[in-house]
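Participant: Structure below; questions to follow.
The values are calculated or read from the model by the stated rules, or taken from the named source; none is laboratory data. Treat the numbers as computed from the prediction; the structure is a model and nothing was measured. Virtual Cβ from ideal backbone geometry, glycine too; neighbours counted across all protein chains shown. Side chains included, ligands, DNA and RNA excluded: accessible areas come from the protein's heavy atoms. Shrake-Rupley method; radii C 1.70, N 1.55, O 1.52, S 1.80 Å.
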Amino acid sequence: MSWFTARYTTFWLAVLGTAVFGIVALYDPDWSVLALMFAALVVLGIVDLLQKKHAIRRNYPILGNLRFLFEFIRPELRQYFFEDDTKAAPFSRNQRSIVYQRAKQDIDKRPFGTQEDVYERRYEWINHSMAPVHIENFDFRVTVGGPDCTQPYSASVFNISAMSFGALSANAVLALNTGARKGNFAHDTGEGGISRYHRAPGGDLIWNIGSGYFGCRDADGNFSEEAFVANATSPQVRMIEIKLSQGAKPGHGGILPGAKVTPEIAEARGVLTGVDCNSPSRHGAFSTPIGLMQFVARLRKLSGGKPVGFKLCVGHPWEWFAIVKAMLQTGITPDFIVVDGAEGGTGAAPVEFTDHVGVPLQDGLLLVHNTLVGVDLRDKIRIGASGKIITAFDIARTLALGADWCNSARGFMFSLGCVQAQACHTDKCPTGVTTQDPLRQKALVVPDKAERVYNFHRNTLRALSELVSAAGLDHPSKLSAEHIVRRVSGNEVKLLAGLFPFLKRGELLAGSSSYAVYRKYWPMAQAESFEAMLPQTEAATA
């Protein structure tokens with residue numbers, strides 16, 4: 001091997017520098033600092049040549065380390081110097097900026113016109129009225145609670161989506177719940193249970209119950225009625241949400257290693273400190289659609305009649321249809337359903353799940369809304385929606401497609417100061433939002449960030465009121481697919497009402513749907529099982 005190949009140039013320059021400045025330093029000690037710096041580079045080069053892990057460092061001693069340095073700071077370089085204002089990856093600079101501005105009470109107006117290409121495919125807008133209305137009170141609310149609910153909840157149309165303590169820091173949870181209490185909106189606990197940090201501020205909670213039954217489990221991890229009642233009957237818990245799946249990793253369970261199960265996390269989850277904490281990929285309290293409906297009724301009774309529903313990211317259409325058939329067969333209906341889109345976020349998930357599993361929000365929401373309309377149950381069940389909802393227009397579009405309210409997780413994280421560093425899974429969050437490191441989370445000052453959470457919610461609803469007013473409506477519940485327009489090509493636009501299928505009331509009960517997804521999969525669904533029931537012709541040849 002040649003020691004004088006061009007790729008070693010940096011190493012030999014370091015050797016030369018060490019020799020030259022070392023000699024000069026013998027006569028003038030002021031030059032010793034430079035001699036030591038070049039000597040350190042020589043040592044680094046020798047280490048690079050001897051190590052066997054990275055070929056680049058062996059072939060390009062000293063210089064090869066720049067590759068790893070630039071890779072390490074690449075996210076920061078993109079975010080602060082090269083990021084496009086409108087390209088969402090996963091959120092654009094403009095999306096984050098509008099949250100920061102509204103959270104800080106800064107000016108959220110923009111000069112000189114839109115940065116969007118209004119002739120680009122998928123560009124959307126809301127049609128305005130020649131007779132806009134004046135809306136005095138923009139605290140828009142929706143009552144959640146079906147015919148079997150005795151403690152209905154008046155929910156804001158914009159709430160904090162599910163994020164667990166453990167995924168979020170203690171200070172982040174405190175700030176979120178304090179802001180929710182001040183703004184009179186709801187805070188979803190996430191499946192990690194109700195922690196002391198959820199309780200302390202006293203804000204309204206939606207208790208999220210996943211397959212691990214954290215906060216309502218026995219020593220073996222099974223559902224415990226006694227533990228459930230103790231939490232569910234708390235006045236702070238306003239609704240109970242059974243998590244069937246989440247958008248970022250539907251159908252995927254997980255294990256929280258024992259090393260991360262601190263006493264506070266163990267307290268919230270009802271598990272042992274320092275012991276691995278398992279979240280199975282499916283529930284153990286029920287195994288069929290009918291079983292799910294019976295579980296809903298059971299929790300509603302045990303909670304004293306509070307609204308009980310479930311959250312899902314839509315997967316196989318027949319499984320969702322099976323749940324609806326179970327509603328029809330048992331006469332039991334949930335008080336609400338939250339549809340989570342595949343574009344939803346999480347602290348950590350396999351890339352394949354994040355990118356390629358689950359139905360996106362728009363499609364899942366339309367399927368759920370249309371099905372409930374088609375079986376004439378829509379009036380009894382409220383629908384929430386979550387998945388990259390940031391601005392008032394995001395809320396307006398989602399409500400127009402069939403939702404009754406919207407949830408946001410990352411939007412409220414931005415209001416806490418999140419900079420999209422995407423280090424949530426490393427415990428090294430630079431803003432203290434997604435870390436359990438006491439020093440890192442100490443940087444998140446709860447009173448200041450709670451005010452920002454409150455401001456973001458309030459100013460977003462104010463912006464929503466202006467959009468709704470411009471459309472000539474007095475409440476966002478009156479938005480429909482007739483109000484939103486989407487460009488489908490350079491020279492064609494369509495109302496969402498004409499772009500997507502919308503079922504008529506009772507259409508599925510009459511067996512007359514003309515849409516392929518219902519014609520094919522509705523007959524395959526059965527209330528007794530999540531498995532598809534093959535048509536007789538297919539079953540005979542299987």
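Participant: Return the residues of the stretch 404-430 that are open to solvent by less than 30 Å² (accessible area, probe 1.4 Å) and either under 19 Å from Asp106 (Cβ atoms) or of a type in the set (Ser, Thr, Tyr) (or both); say none if nothing qualifies.
Facilitator: Ser408, Gly411, Phe412, Met413, Phe414, Ser415, Leu416, Gly417, Cys418, Gln420 - these are the residues of the stretch 404-430 that are open to solvent by less than 30 Å² (accessible area, probe 1.4 Å) and either under 19 Å from Asp106 (Cβ atoms) or of a type in the set (Ser, Thr, Tyr) (or both).
Rundown of residues vs (1) modelled with pLDDT under 95; (2) not hydrophobic (A, V, I, L, M, F, W, C), yes/no style:
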| position | (1), (2) |
| --- | --- |
| Gly183 | no, yes |
| His187 | no, yes |
| Gly192 | yes, yes |
| Trp207 | no, no |
| Arg217 | yes, yes |
| Gly221 | yes, yes |
| Glu226 | no, yes |
| Ser234 | no, yes |
| His252 | yes, yes |
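Participant: Please work out which residue is most open to solvent (accessible area, probe 1.4 Å), limiting yourself to the stretch 204-229 and to residues that are within 16 Å of Asp276 (Cα to Cα) and without any contact (Cβ under 8 Å) to a residue 24 or more places away in the chain.
Facilitator: Asp220
Participant: Sticking with this one: Scan the stretch 109-125 and tell me whether some residue there is out of contact with any strand residue (DSSP E or B) (no Cβ under 7 Å at 6 or more places or on another chain), in a loop (DSSP other than H, G, I, E, B), surrounded by 12 or more Cβ atoms within 10 Å (Cβ to Cβ) and touching a residue at least 40 places away in the same chain (Cβ under 8 Å).
Facilitator: No: the stretch 109-125 contains no residue that is out of contact with any strand residue (DSSP E or B) (no Cβ under 7 Å at 6 or more places or on another chain), in a loop (DSSP other than H, G, I, E, B), surrounded by 12 or more Cβ atoms within 10 Å (Cβ to Cβ) and touching a residue at least 40 places away in the same chain (Cβ under 8 Å).
Participant: Among the listed residues Arg440, Arg452, which satisfies the condition of being assigned to a helix (DSSP H, G or I), out of contact with any helix residue (DSSP H, G or I) (no Cβ under 9 Å at 6 or more places or on another chain) and surrounded by fewer than 24 Cβ atoms within 10 Å (Cβ to Cβ)? Don't jump to the end; show me each part of the working.
Facilitator: Details: Arg452 fails: out of contact with any helix residue (DSSP H, G or I) (no Cβ under 9 Å at 6 or more places or on another chain).
The match here is Arg440.
Participant: Can you pull out the residues in the stretch 336-385 that are surrounded by fewer than 24 Cβ atoms within 10 Å (Cβ to Cβ) and charged (D, E, K, R)?
Facilitator: Glu343, Glu352, Asp355, Asp363, Asp376, Arg378, Asp379, Lys380 - these are the residues of the stretch 336-385 that are surrounded by fewer than 24 Cβ atoms within 10 Å (Cβ to Cβ) and charged (D, E, K, R).
Participant: Among the residues of the stretch 315-334, what is the count of those that are under 26 Å from Val237 (Cα atoms) and out of contact with any Ser or Thr (no Cβ under 7 Å at 6 or more places or on another chain)? Write out each step before concluding.
Facilitator: Of the residues in the stretch 315-334, the ones under 26 Å from Val237 (Cα atoms) are 323, 327, 331-334.
After this cut, where a residue has to be out of contact with any Ser or Thr (no Cβ under 7 Å at 6 or more places or on another chain) as well, the list is 323, 331-334.
Within the stretch 315-334, residues that are under 26 Å from Val237 (Cα atoms) and out of contact with any Ser or Thr (no Cβ under 7 Å at 6 or more places or on another chain) number 5.
Participant: Exactly one of these conditions fails for Leu50: (1) touching a helix residue (DSSP H, G or I) at 6+ places or on another chain (Cβ under 6 Å); (2) over 30 Å from Thr391 (Cα atoms); (3) among the hydrophobic types (A, V, I, L, M, F, W, C). Give me its number.
Facilitator: Failed condition: (1).
Matching residues to (1) under 42 Å from the mean Cα position of the chain (by Cα); (2) without any contact (Cβ under 8 Å) to a residue 24 or more places away in the chain; (3) under 30 Å from Leu461 (Cβ atoms):
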{"residue": "Val24", "(1), (2), (3)": "no, yes, no"}
{"residue": "Tyr60", "(1), (2), (3)": "no, no, no"}
{"residue": "Gly64", "(1), (2), (3)": "yes, yes, no"}
{"residue": "Asn94", "(1), (2), (3)": "yes, yes, yes"}
{"residue": "Lys104", "(1), (2), (3)": "yes, no, yes"}
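Participant: Right, something else. Which one of the conditions (1) in contact with a Pro (Cβ under 7 Å, 6 or more places away or on another chain); (2) in a loop (DSSP other than H, G, I, E, B) does Leu49 fail to meet, given that it meets all the rest?
Facilitator: Status for Leu49: all satisfied but (2).
Participant: Next question. Have a look at Ser287, Ser281 and point out the one that is in contact with a His (Cβ under 9 Å, 6 or more places away or on another chain), surrounded by fewer than 16 Cβ atoms within 10 Å (Cβ to Cβ) and within 18 Å of Glu531 (Cα to Cα). Step through it out loud before you land on a result.
Facilitator: On the way: Ser287 fails: in contact with a His (Cβ under 9 Å, 6 or more places away or on another chain).
Unique residue meeting the criteria: Ser281.
Participant: Shifting gears a bit: Restricting attention to the stretch 156-170, does a residue exist that is in contact (Cβ under 8 Å) with a residue 24 or more places away in the chain, more than 24 Å from Phe412 (Cα to Cα) and surrounded by 16 or more Cβ atoms within 10 Å (Cβ to Cβ)? Outline the logic, then answer.
Facilitator: Our first condition is that a residue be in contact (Cβ under 8 Å) with a residue 24 or more places away in the chain; within the stretch 156-170, this holds for 156-170.
Then keep just the ones that are more than 24 Å from Phe412 (Cα to Cα); that gives none.
Checked against the condition, which is being in contact (Cβ under 8 Å) with a residue 24 or more places away in the chain, more than 24 Å from Phe412 (Cα to Cα) and surrounded by 16 or more Cβ atoms within 10 Å (Cβ to Cβ), the stretch 156-170 yields no hits at all.
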